[in-house]
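Structure record follows, encoded as structure tokens.
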Amino acid sequence: MTAIILYCRPGFEKECGAEIQEKAAWSEVYGYLELTKNQGIVYFHLNNPEDGEVVMQRIPLKRLIFTRQWFVTLTEKISLPDYNRVEAIVDSMNKDWQYADLRMETPDTNDGKSLSKFCRKLAVPLRQALRKEKILTEKHDNEGAVLHALFFSGSEVILGFSLGTNTSPHVMGIPRLKFPSQAPSRSTLKLDEAFLYFIPKAEWETRLTSGLNAVDLGAAPGGWTYQLVRRGMMVTSIDNGPMAESLMGTGQVKHRMIDGFKYIPQKQNVYWLVCDMIEKPQRVAKLMAQWLLHGYCKEAMFNLKLPMKGRYAEVVKDLEILKDAFAEQNVKYELYAKHLYYDREEVTVHARLLSPVPLY
């Protein structure tokens, strides 16, 4: 039976499954879920096998909040022999299909991580064999289909495909970022990944360039401020707590000891607003809408902290607050949310207005 396999953060399988079922139903695609808690993998078994590609074409991966990566299954689980694994994988494939790339993947668990060395070792001979059979193309094609090999062990694999135009460029949807030793906290990786994910690289020179003004609400000790500073921005960091001395010594940071919900910039020259405050998500959503609609900033990147239960419903409700506020002012906008790899019990949101607020 054909299924869509989705990768998510372990522990968020329920949210990932609820979201794909809801979004697929909008395209009249139905099926049932198979979840295993804390494995980070969701199976959406399709009633109609042909619907896999329909979902891939109609639902942008970027619109799925809790899904890091996905693919449509080509096979059931394949049992591999101790020897000639490459041959067994190639023999199980339809030789009429061609793929532009191969992704060797595992569950995002301790057991899965232990397979990474095995996958790296097998990848080279498998690619060579697939190219020899012309299943894998010689030249990399960003728009071609991607072949996924999901290994559960050295003797068990599922094969599938995703569309090159609607897939994550990273294996398992996980960017591997290095923690900078100069950063004051590991939260810095959350904003680094957010910029990488939400802002097209071709636009970094205008939207993430030096000389821009930024505000960081709930900044201390400066993990998010660090990402703004290293990109050459001038930052006003808002927090009653202390900021890292290394950041204050750059000359690019002004520290204001004030409640983030009370601060209002004196000049409307702020491009970026970033916020990682530990507050109720609905309150943060309302604050972000206020900043954007009042012209206090051009773009906002912020985290919504999730409750222990009803996490998907909470995110939907929080995003509706923003959508309703923008609709009330009749503005065009861009709004995306993602449970990023370096997020934990939170979802990162990017928002910006694409048209000015009407003057009445």
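Of the conditions (1) touching a residue at least 24 places away in the same chain (Cβ under 8 Å); (2) of a type outside the set (D, E); (3) in a helix (DSSP H, G or I); (4) open to solvent by 10 Å² or more (accessible area, probe 1.4 Å), V316 fails just one. Which one is it?
(1)
Got a number for residues in segment 59-84 being over 15 Å from Y341 (Cα atoms) and either touching a helix residue (DSSP H, G or I) at 6+ places or on another chain (Cβ under 8 Å) or of a type in the set (F, W, Y) (or both)?
Result for segment 59-84: 9.
For T225, state whether it is modelled with pLDDT of 95 or more and over 24 Å from L306 (Cβ atoms).
On the way: modelled with pLDDT of 95 or more: yes; over 24 Å from L306 (Cβ atoms): no.
Criteria not met by T225.
Regarding K309, is this residue exposed (fewer than 13 other Cβ atoms within 10 Å of the Cβ), in a loop (DSSP other than H, G, I, E, B) and at pLDDT 95 or above? Break it down stepwise before answering.
Details: exposed (fewer than 13 other Cβ atoms within 10 Å of the Cβ): yes; in a loop (DSSP other than H, G, I, E, B): yes; at pLDDT 95 or above: no.
Against the criterion (exposed (fewer than 13 other Cβ atoms within 10 Å of the Cβ), in a loop (DSSP other than H, G, I, E, B) and at pLDDT 95 or above), K309 does not qualify.
Only one of (1) open to solvent by 40 Å² or more (accessible area, probe 1.4 Å); (2) in a loop (DSSP other than H, G, I, E, B) is not met by E203, so which one is it?
(2)
Quickly run through segment 104-157 and pick out the residues that are touching a residue at least 60 places away in the same chain (Cβ under 8 Å), open to solvent by 30 Å² or more (accessible area, probe 1.4 Å) and not in a loop (DSSP other than H, G, I, E, B).
F152, E156 - these are the residues of segment 104-157 that are touching a residue at least 60 places away in the same chain (Cβ under 8 Å), open to solvent by 30 Å² or more (accessible area, probe 1.4 Å) and not in a loop (DSSP other than H, G, I, E, B).
Is it fair to say F195 is aromatic (F, W, Y), part of a loop (DSSP other than H, G, I, E, B) and modelled with pLDDT of 95 or more?
Judged against the criteria, F195 is not a match.
Out of the residues in segment 289-306 meeting the condition of being of a type outside the set (K, R), within 21 Å of the chain's Cα centre (by Cα) and not in a loop (DSSP other than H, G, I, E, B), tell me which one is nearest to R207 (Cα to Cα). Walk me through it before giving the result.
Residues of segment 289-306 that are of a type outside the set (K, R), as a first pass: 289-297, 299-304, 306.
Those still in the list that are within 21 Å of the chain's Cα centre (by Cα) too: 299-304, 306.
Narrowing the set further to residues that are not in a loop (DSSP other than H, G, I, E, B) leaves 299-304.
Numbers: E299: 9, A300: 12, M301: 12, F302: 16, N303: 19, L304: 23 Å.
The qualifying residue nearest to R207 (Cα to Cα) is E299.
The values are calculated or read from the model by the stated rules, or taken from the named source; none is laboratory data. A quick note: this is a predicted structure, and the numbers were derived from the prediction, not measured. Virtual Cβ from ideal backbone geometry, glycine too; neighbours counted across all protein chains shown. Note: accessible area is taken over every heavy atom of the protein model, side chains too, but ligands, DNA and RNA are not part of it. Shrake-Rupley method; radii C 1.70, N 1.55, O 1.52, S 1.80 Å.
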